[in-house]
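The structure appears below as structure tokens.
The values are calculated or read from the model by the stated rules, or taken from the named source; none is laboratory data. Here the structure is a predicted model, which is why all the values come from computation and not from measurement. When we count neighbours, we look across all protein chains shown, and the Cβ atoms used for this are built from the backbone with ideal geometry, even at glycine.
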Amino acid sequence: MTLLLQRYGTLGAFLLLVAGFSIAVPQAFASTANLLNLLQQVTVLAIVATAATFVMVVGEFDLSVGFVASLAAVLAFVLFGAGAPVWLAILAGLAAGAAAGLANGLLVARLGVPSFVATLAVGTIVSGFAYWASGGSSLFSGVPPSFTALGRASVYGVPALTLWMIAVLGLAALLLARSRFGRRLHAIGDNAAAARLVGLPVARDRTLAFVLAGLVAALAGLLLAARLGSVQHTMGEALLLPAYAAVFIGTTASPRGIPNIPGTFLGVAIAGVIANGLTIIGVEPFVQRMVTGAIIIAAVLIRRAGRTA
């Protein structure tokens with residue numbers, strides 16, 4: 001029974017949540033329109049959670065991913081206002097995300113600053129820059145239709161955002177599970193000292209993990225902006241807590257309690273179902289935040305119990 005719970009308990013919890021909300025509010029929750037809306041809601045969160053997964057694999061945290069998502073979107077819209085082409089605006093947003101990730105990586109891997117402190121500091125700087133660039137106001141003018149199509153179009157009936165999510169999750173899963181780089185990241189997360197003794201480039205790979213996180217977070221911000229057609233300098237910050245809740249939940253889907261992309265997606269699905277279902281029922285947003293925090297604590301305790309079992 002214990003082995004079954006470790007392997008399938010998280011999936012079982014997801015199915016119970018879906019069944020529970022379907023019974024409680026069948027016409028609202030289980031409708032096709034709501035399920036499609038739920039899928040749209042979790043796509044950007046899944047991409048941000050993927051960014052968080054990269055750094056958690058090496059045993060670190062990146063508290064700047066939400067700020068980086070906002071900055072990338074703000075920079076793109078500022079450039080749109082200046083008449084820049086779509087490719088340049090997207091490239092600038094992605095470059096800003098990679099640069100923030102590089103700053104995080106150098107502070108953590110090279111200078112030994114704890115990741116909580118380093119990424120919070122970099123995130124604060126990024127947030128300030130996004131506020132300055134946007135003037136503290138919403139930006140929505142001069143946006144080319146070819147950009148908004150990235151978040152609003154569909155391909156053979158499949159929303160573009162869903163395709164982006166599948167692509168990001170698929171590439172991240174292959175990178176972490178099948179590549180030498182991914183295996184090195186897992187080795188560093190398991191035991192950094194041992195990885196260093198066998199000659200692995202620990203500092204370099206940790207830095208690259210943060211760069212990947214910044215790049216993926218920036219992509220999430222751009223896609224969210226494309227879907228909304230406007231940006232605010234704080235638009236990505238609300239994604240931080242749900243993203244880490246998803247990653248922590250995802251670790252419980254692994255027998256070893258390690259971050260993994262399939263588990264992260266399952267965690268995103270659980271977080272999305274909870275938020276969607278509670279909203280339909282009429283639960284206040286602050287209560288939803290409390291529930292999310294409780295879920296993170298429960299996931300940590302379950303992961304610890306799995307490791308000691």
Filtering region 102-143 down to residues that are surrounded by 18 or more Cβ atoms within 10 Å (Cβ to Cβ), of a type in the set (Val, Ile, Thr) and part of a helix (DSSP H, G or I) yields 108, 119, 122, 126
Exactly one of 204, 227 is more than 25 Å from residue 140 (Cβ to Cβ) and in contact (Cβ under 8 Å) with a residue 24 or more places away in the chain, and that residue is 204
Note: among 257, 282, just one is without any contact (Cβ under 8 Å) to a residue 12 or more places away in the chain and of a type outside the set (A, V, I, L, M), namely 282
Scanning region 190-212 residue by residue, the ones that are assigned to a helix (DSSP H, G or I), among the aliphatic types (A, V, I, L, M) and more than 26 Å from residue 97 (Cα to Cα) total 4
Residue set 63, 17, 11, 35; condition in contact with a helix residue (DSSP H, G or I) (Cβ under 9 Å, 6 or more places away or on another chain), surrounded by fewer than 24 Cβ atoms within 10 Å (Cβ to Cβ) and not in a helix (DSSP H, G or I); output residue 63
Filter region 104-127 for residues that are touching a helix residue (DSSP H, G or I) at 6+ places or on another chain (Cβ under 9 Å) and among the small types (Gly, Ala, Ser); the one that is nearest to residue 72 (Cα to Cα) is 127
When region 236-267 is checked residue by residue, the ones that are in a loop (DSSP other than H, G, I, E, B) and within 16 Å of residue 48 (Cβ to Cβ) are 236, 259
For region 219-270 the number of residues that are crowded, with 23+ Cβ neighbours inside 10 Å and among the hydroxyl-bearing types (Ser, Thr, Tyr) is 4
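Test residue 154 against the criterion of being at pLDDT below 95, within 18 Å of residue 93 (Cα to Cα) and surrounded by fewer than 17 Cβ atoms within 10 Å (Cβ to Cβ), and give yes or no. Write out each step before concluding.
Details: at pLDDT below 95: yes; within 18 Å of residue 93 (Cα to Cα): no; surrounded by fewer than 17 Cβ atoms within 10 Å (Cβ to Cβ): yes.
No: the conditions fail for residue 154.
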The residue from 141, 70, 115 that alone is touching a residue at least 24 places away in the same chain (Cβ under 8 Å), more than 16 Å from the chain's Cα centre (by Cα) and closer than 26 Å to residue 265 by Cα is 115
Contact list, first residue from region 27-56 and on the phi > 0 side of the Ramachandran plot and of a type in the set (D, E, K, R), second anywhere and part of a loop (DSSP other than H, G, I, E, B) and modelled with pLDDT under 95, beta-carbon distance below 6 Å, six or more apart or interchain, is none
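Listed here are the residues, each with its yes/no results for (1) without any contact (Cβ under 8 Å) to a residue 60 or more places away in the chain; (2) more than 22 Å from the chain's Cα centre (by Cα).
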| position | (1), (2) |
| --- | --- |
| 155 | yes, yes |
| 166 | yes, no |
| 181 | yes, no |
| 185 | no, no |
Flagged in region 118-131 as touching a residue at least 60 places away in the same chain (Cβ under 8 Å) and not polar (S, T, N, Q), in numbering order, are 123, 126, 130, 131
Note on region 258-296: residues within 13 Å of the chain's Cα centre (by Cα) and under 16 Å from residue 36 (Cα atoms) are 268, 269, 271, 272
If you go through 242, 201, the only one that is at pLDDT below 90 and at negative phi is 242
